[in-house]
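Each reported figure results from applying straightforward, stated rules to the coordinates on display, with no laboratory input. What you see is a predicted model, and the numbers here were worked out from it, not measured in a lab. We place every Cβ from the backbone using ideal geometry, glycine too, and count neighbours over all the protein chains shown.
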Amino acid sequence: MKKLDFLREYFKNMRTVGTVVRSSKHLCSKIVSLSDLSGAKCVVELGAGDGVMTHHILEKMPADAKLFAFEINPTFCERLRLIDDERLFVIEDSAENLELHLENHGFAEVDTVFSAIPFVMLPKELSNSIVSTCHRALKPLGQYLQIHYSTIEKDLYKGIFGNLNITFHLRNIPPTFIFACYKMAF
Ligand SMILES: C[S@@+](CC[C@H](N)C(=O)[O-])C[C@H]1O[C@@H](n2cnc3c(N)ncnc32)[C@H](O)[C@@H]1O
């Protein structure tokens, strides 16, 4: 997808798209490098956009793993469906319905969640519901990795996961924080 098309989607849906440009390849490879996908069976991407990060996740995923990419924007979903990889399932639905879709595909738990949903722009209850759903769906010690452009939302993750590690990355427009949490075993 061209930069201009991404910009057009931003102007049509500012609150949900959340940024005027897609993530840089440096940011995508950084967030994927923070994950451990070896042995993963079920990986989830929330707010997949036009698939820029999806490609990086697929590259690192084992051959027998599945990637469920959630995206509510129909134009972005069309782009995602062009990715020719049988491990990828494009789910055109809100991330809050994650558990329902996983169940339909026969998965009880998730190894890793990557998210670029702009929670700062969404109603608090919706953000809380999506992050709580991810926490429930993750396996013990499963990872949740989230992109943010500020640290305002840090209490959301600390409250739900009880842990949070934040790193800052300059090689993106705008510079970006990666929030990393894991589901505690007990
Ligand atoms: C900041 S863009 C990120 C796009 C891409 N992943 C990237 O890194 O460039 C956020 C995306 O989240 C999607 N989104 C927003 N709310 C969502 C929700 N409740 N469920 C699934 N996707 C959502 C938007 O449509 C948008 O494509």
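Can you list the GluC sites (Glu not before Pro) in region 34-118 that are in a DSSP coil and have 14 or fewer other beta carbons within 10 angstrom? Here the GluC sites (Glu not before Pro) that fit, given the DSSP loop and packing criteria, are Glu86, Glu109.
Could you give the DSSP H helices of the chain that reach 27 angstrom or more along their long axis (alpha carbon positions) and whose average Kyte-Doolittle hydropathy is no lower than -0.5? Long hydrophobic helices here: none detected. Centre-to-centre, using Cα atoms only, region 1-61 and region 102-180 are separated by 13 Å. Using a/c under 1.5 as the rounded threshold, could you call region 1-160 rounded, prolate or oblate? The axes a ≥ b ≥ c are square roots of the C-alpha gyration tensor eigenvalues, and prolate needs a/b larger than b/c, oblate otherwise. Judged from the Cα gyration tensor, region 1-160 comes out rounded (a/c under 1.5). Sites counted here are trypsin sites (Lys or Arg not before Pro) in a DSSP loop (not H, G, I, E or B) having no more than 13 other Cβ atoms within 10 Å; the longest part of the chain that contains none of them is 3-170.
So what's the back-of-envelope 222 nm ellipticity for the chain, counting only DSSP H runs of four-plus at -39500 (n - 2.57) apiece and dividing by all residues, rounded to 500?
Working: 8 runs with 69 residues, N = 186.
So the helix-based figure for the chain works out to -10500 deg cm²/dmol.
What is the gain in length, in nm to one decimal, between Asn128 and Ser24 on full extension, counting 0.36 nm per residue of separation less the C-alpha to C-alpha distance?
On the way: separation 104, 0.36 × 104 = 37.44 nm, distance 2.68 nm.
Contour length minus the Cα-Cα distance gives 34.8 nm.
Residues considered: Phe114, Phe70, Phe11. Largest GNM mean-square fluctuation over the chain, using C-alpha springs under 10 Å, is found at Phe11.
Highest mobility in the GNM of the chain, judged by mean-square fluctuation with C-alpha springs under 10 Å and restricted to Ala65, Ala95, Ala48, is found for Ala65. Which percent, nearest 5, of DSSP beta bridges in the chain are antiparallel? So the antiparallel bridges amount to about 40 percent of the total.
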